[in-house]
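Q: Just dropping this structure here.
The values are calculated or read from the model by the stated rules, or taken from the named source; none is laboratory data. Every value quoted in this text rests on a predicted model; they were computed, and no experiment measured them. Here the Cβ positions follow ideal geometry from the backbone for every residue, glycine too, while neighbour counts run over all protein chains shown. With ligands, DNA and RNA removed, areas are computed over all heavy atoms of the protein, side chains included. Shrake-Rupley method; radii C 1.70, N 1.55, O 1.52, S 1.80 Å.
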Amino acid sequence: MSLAGQIVNLIAALLLLVSFAMLSQRRVRDLVDLFMIQGALLAAATLVTAVATGQSHLYYSAALTVALKVIVLPLILRRVLRRLALETDVELLINIPTTMLVGIALVVVAFNMAVPISQLAGTITRGALGIALACVLLAFLMMITRRKALAQVVGFLSMENGLFFAATSVTYGMPMVVELGIALDVLVGTFVFGVFFFRIRETFDSLDTSHFEKLKDR
Amino acid sequence: MSPGDLFQQVLEVVIAVFIAPLLVGWVNQCRAWLQNRTGAGIWQPYQVLHKLFRKDAVVAHNASGLFRVTPYIVFASMVLAASLVPMLATALPFAAAADVIALVGLLALARVFMALAAMDVGTAFGSFGARREMLVAALAEPALLMVFFMPALIARSTSLGTIVEALAHRPFVLHPSLAFAAVAFVMVLLAENARIPIDNPTTHLELTMIHEAMILEYSGRHLALMEWAHALKLVIYSTIGIALFLPWGIAEAGDWPGLPLAVLAITLKLLAGGAALAVVESVSAKLRIFRAPEFLASAFLFAVLGVLTHLLLAGRA
């Protein structure tokens, strides 16, 4: 395997590590830090793929990833955190070892699912598809097992990271227009979530989404 | 077994045994610096050992023979374990007799005797120290084994010498799965050596202690041997970590000119590793004892993940 392929695989493994770290993290602030690291790793993986394959649009998407996921989004999330004064631990629906065990099962599922797909892909980074898929599923698991809206949003953003990585590893990235569109969506989405946080707290005095079950038509 | 190999083996064990207090002294000194203290100096553990060896050993009236022999058994198994780890060279005559699984077994033997001796006298501290130690060990051991399986899969051998040769002397290949194994190994190292997230090595007479509670009844030469064995354990774990994850510089079989370089490399790596350990200990807070299973379960899962990643990425590479 080429050196670039090995480096991408290494970064992919680190991405998976960060996904698990997020799963086992209790504090929202550290969750945002981990999300930032995940973004940086993603940008690095894209950059290595770009250098190795000479696909010029991958340079733009790496730059876009740095700007959006390493700088802007964590900045917004931290700001929201500060304004909401959320420093307490996240409430979990199931305890962390169980979550991690479910996570391992998901990784096995993702790896098995990825094998036939990645055999069709002709890219240098195809081995990483299983990991990308696992990252998506782990982020999904995180959204399910967290109660607080903010942790769920970080899970959502991390899921988008996983999808982006899957696209890069199988097809050297989506067309530029699609990528720009998704980037804009994520940015606007985060703004909207930010507004929602304040509305949710105004209505329920808490960011606990289990309160939503009590919503009634009046 | 050539005389040269035997000489390497003896040299390595002697070095490991005699630098053990130095490594502990270095870690303590780094911790002191990080806490803005002057520290006791890196030679302090030697002075403590010297003092303890000169003092009389006081043994409780109701202590059995087990209590007396345990320090010797623990120290002997640590020396034996140290002889299995390739620190300077991979050509170790003893290493052929036992692989990493036997190494884990040796460490377990020392631990079992330590726990039995702690319960032997019947004091409350000894019993709860032993119980906690067994709780931590029962969770750390599978994690450690999984960590070992990872490089063993790469090298297709469970012998540490072969693993090091495979990792250090074959053409360079990045193994992403080793990143997981390394994280898991550091977590196990912290737990097994009574370091800060799990236990506090500097505490005495505190309800949170684990290791110190077990050796509370020992004094004089017995205590000295226990402390020395504990320091040796840290050296064993550090050199295992270096052998598995930073093996460059360890001399191959018959590579005599490489030996001085190997000594230099291991010194630098141990210095860096000790400083890193001090940093980890200074920035983290001690976990509640009931969080320890969570910590070690994470270590185990990381090691499992490493094996899974290896099977996915290396299977078709």
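Q: For the range A:163-178, what are the residues that are surrounded by 20 or more Cβ atoms within 10 Å (Cβ to Cβ), at pLDDT below 80 and under 28 Å from A:Ala151 (Cβ atoms)?
A: Result: A:Ser169, single match.
Q: Would you tally the residues in the range B:274-286 being open to solvent by less than 50 Å² (accessible area, probe 1.4 Å) and either out of contact with any helix residue (DSSP H, G or I) (no Cβ under 6 Å at 6 or more places or on another chain) or among the charged types (D, E, K, R) (or both)?
A: Residues that pass the stated criteria total 2.
Q: With the structure loaded, tell me whether B:Lys51 is over 13 Å from B:Ile215 (Cβ atoms), open to solvent by 10 Å² or more (accessible area, probe 1.4 Å), of a type in the set (Lys, Arg) and without any contact (Cβ under 8 Å) to a residue 40 or more places away in the chain or whether it fails that test.
A: Numbers: over 13 Å from B:Ile215 (Cβ atoms): yes; open to solvent by 10 Å² or more (accessible area, probe 1.4 Å): yes; of a type in the set (Lys, Arg): yes; without any contact (Cβ under 8 Å) to a residue 40 or more places away in the chain: yes.
When the stated conditions are applied, B:Lys51 passes them.
Q: Using beta carbons and a limit of 9 Å, which pairs, at least six apart or on different chains, have the first residue in the range A:94-112 and more than 7 Å from chain B (Cβ to nearest Cβ) and the second one part of a loop (DSSP other than H, G, I, E, B)?
A: A:Thr99/A:Ser24; A:Thr99/A:Leu93; A:Val102/A:Ile94; A:Gly103/A:Ser24
Q: Right, another one. Just name the residue that is modelled with the lowest pLDDT out of those in the range A:179-211 that are aromatic (Phe, Trp, Tyr) and open to solvent by 40 Å² or more (accessible area, probe 1.4 Å).
A: Residues of the range A:179-211 aromatic (Phe, Trp, Tyr): A:191, A:193, A:196-198, A:204.
Pick out the ones that are also open to solvent by 40 Å² or more (accessible area, probe 1.4 Å) and you get A:191, A:193, A:196, A:198, A:204.
Numbers: A:Phe191: 79, A:Phe193: 81, A:Phe196: 80, A:Phe198: 77, A:Phe204: 74.
Applying the filter and picking the extreme gives A:Phe204.
Q: Are there helices (runs of 4 or more DSSP H) fully within the range B:216-317 with at least 3 residues that are within 14 Å of another protein chain (Cβ to nearest Cβ)? List them. It would help to see each step written out before you state the result.
A: Numbers: elements: B:220-245, B:258-283, B:292-315.
Once the helices (runs of 4 or more DSSP H) in the range B:216-317 are filtered for at least 3 residues that are within 14 Å of another protein chain (Cβ to nearest Cβ), what remains is B:292-315.
Q: Give the range B:5-41 a look and list any residue that's among the basic types (Lys, Arg) and either touching a strand residue (DSSP E or B) at 6+ places or on another chain (Cβ under 9 Å) or open to solvent by less than 70 Å² (accessible area, probe 1.4 Å) (or both), or say none.
A: Initial filter on the range B:5-41 (among the basic types (Lys, Arg)): B:31, B:37.
Scanning the range B:5-41 gives a single hit, B:Arg31.
Q: Kindly establish whether B:His230 is open to solvent by 10 Å² or more (accessible area, probe 1.4 Å) and farther than 29 Å from B:Ala262 by Cβ. Reasoning before the result, please.
A: Details: open to solvent by 10 Å² or more (accessible area, probe 1.4 Å): yes; farther than 29 Å from B:Ala262 by Cβ: no.
So B:His230 fails the test.
Q: Sort out which residues of the range B:179-201 are under 15 Å from B:Leu246 (Cα atoms) and surrounded by fewer than 23 Cβ atoms within 10 Å (Cβ to Cβ), and write them in order of number.
A: Answer for the range B:179-201, where residues must be under 15 Å from B:Leu246 (Cα atoms) and surrounded by fewer than 23 Cβ atoms within 10 Å (Cβ to Cβ): B:Ala179, B:Ala182, B:Val183, B:Val186.
Q: Ok, one more. Scan the range A:113-136 for residues that are open to solvent by less than 50 Å² (accessible area, probe 1.4 Å), at pLDDT 75 or above and away from chain B (no Cβ under 11 Å) and jot them down.
A: A:Ala132, A:Cys135, A:Val136
Q: Let me ask something else. Considering every residue within the range B:146-157, establish whether at least one is among the polar types (S, T, N, Q), over 27 Å from B:Arg288 (Cα atoms) and without any contact (Cβ under 8 Å) to a residue 60 or more places away in the chain. Please lay out each step first, then the result.
A: If we filter the range B:146-157 for residues that are among the polar types (S, T, N, Q), which is where we start, we get B:157.
Among the residues that remain, those that are also over 27 Å from B:Arg288 (Cα atoms) are: B:157.
Next, only the ones that are without any contact (Cβ under 8 Å) to a residue 60 or more places away in the chain stay: B:157.
Yes, the range B:146-157 contains a residue that is among the polar types (S, T, N, Q), over 27 Å from B:Arg288 (Cα atoms) and without any contact (Cβ under 8 Å) to a residue 60 or more places away in the chain.
Q: A follow-up question, please. Suppose we keep only residues that are touching a Leu at 6+ places or on another chain (Cβ under 7 Å) and assigned to a helix (DSSP H, G or I) within the range A:187-210. Which one would you say is nearest to A:Ala63 (Cα to Cα)?
A: Residues of the range A:187-210 that are touching a Leu at 6+ places or on another chain (Cβ under 7 Å), as a first pass: A:187, A:190, A:197, A:200-201, A:207.
Going one step further and asking which of them are assigned to a helix (DSSP H, G or I), we end up with A:187, A:190, A:197, A:200-201.
Working: A:Leu187: 15, A:Thr190: 19, A:Phe197: 29, A:Ile200: 34, A:Arg201: 35 Å.
Top of the filtered list is A:Leu187.
Q: Now for a different question. Within the range B:93-113, identify whether any single residue is over 22 Å from B:His310 (Cα atoms) and within 14 Å of chain A (Cβ to nearest Cβ), and answer yes or no. Spell out how you get there, then give the answer.
A: The initial filter retains those residues of the range B:93-113 that are over 22 Å from B:His310 (Cα atoms), namely B:93-98, B:102-113.
Checking which are within 14 Å of chain A (Cβ to nearest Cβ) leaves us with none.
Checked against the condition, which is being over 22 Å from B:His310 (Cα atoms) and within 14 Å of chain A (Cβ to nearest Cβ), the range B:93-113 yields no hits at all.
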